[in-house]
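The values are calculated or read from the model by the stated rules, or taken from the named source; none is laboratory data. Note that the structure is a prediction, hence the values are computed from the model and not measured. Note that each Cβ is placed from the backbone with ideal geometry, even for glycine, and that neighbours are counted across all protein chains shown. These area figures cover heavy atoms from the full protein model, side chains too; ligands, DNA and RNA do not enter into them. Shrake-Rupley method; radii C 1.70, N 1.55, O 1.52, S 1.80 Å.
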Amino acid sequence: MRLVLAEDHALLRDGLIRLLEAHGFTIAAAVDNEPELARALGDPTVEAAVVDVRLPPTFTDEGLRAAIAARAARPGFPVLVLSQYVEHLYARELLASGQGGVGYLLKDRVADVTEFVEGVRRVASGGTVLDPEVVAALMARRREEPLDRLTPREREVLALMAEGRSNAAIAAALYVTEKAVAKHTNSIFTKLDLPLAPDDNRRVLAVLAWLRV
């Protein structure tokens, strides 16, 4: 898979290149500023991007803006955003389209090689990966009614789902059976008004509907 990597810190950028290439990814472009990122994302052969939120020239939200523009031009284009901090506005805007293929991880997670690589693969395949701290922060700020319909256990299941965990992993984390997790998941779909549809991934839609503000 051909990736664009945007990271302004040279050492971290070089480390990410080596890490991703060692796990089978091809780095089509590795850039350190927004203009080069925008050009790289315009390459139709690029299949996904790993992008730092803050890039030169202003170190505010250039990386995210470029990623959002790329997803507007190519709906569903997979983007994994890396950030030093939990930035609520950025996370919400990234999720605003309601489509999968998005991720938001804190840079500390890069230290866990397996978790990071699995996150990149999950996003590249159309899934959603959110850092547990991002999930917790967005939970604290939500005011939408659908969340109020969920029981405390269903909120726990959905929070773990947002982290990209499978039913088996959720069951292990909560010390319940997979059958119980499946029951909670179906209840979540019902309460969030997500009927079964052949072209929809309800798991992704549930996470996105829950986290959007």
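Here are the numbers for this structure:
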| read-out | value |
| --- | --- |
| Solvent exposure ordering (accessible area, 1.4 Å, most first) of Tyr175, Tyr104, Tyr85 | Tyr175, Tyr85, Tyr104 |
| Phi-based couplings in Hz for the stretch 48-65 (Karplus 6.51, -1.76, 1.60; Gly and Pro marked x) | 6, 9, 10, 10, 6, 4, 9, 9, x, x, 9, 6, 10, 9, 4, x, 5, 4 |
| Two-site FRET efficiency, Glu178 against Asp14, from Cβ-Cβ distance with R₀ of 35 Å, rounded to 0.05 | 0.25 |
| 5 angstrom amide H check on Val129, placed H, neighbours 5+ away | Val102, Gly103, Tyr104 |
| Whole-percent carbon and sulfur share, accessible surface of the stretch 47-88, 1.4 Å | 61 |
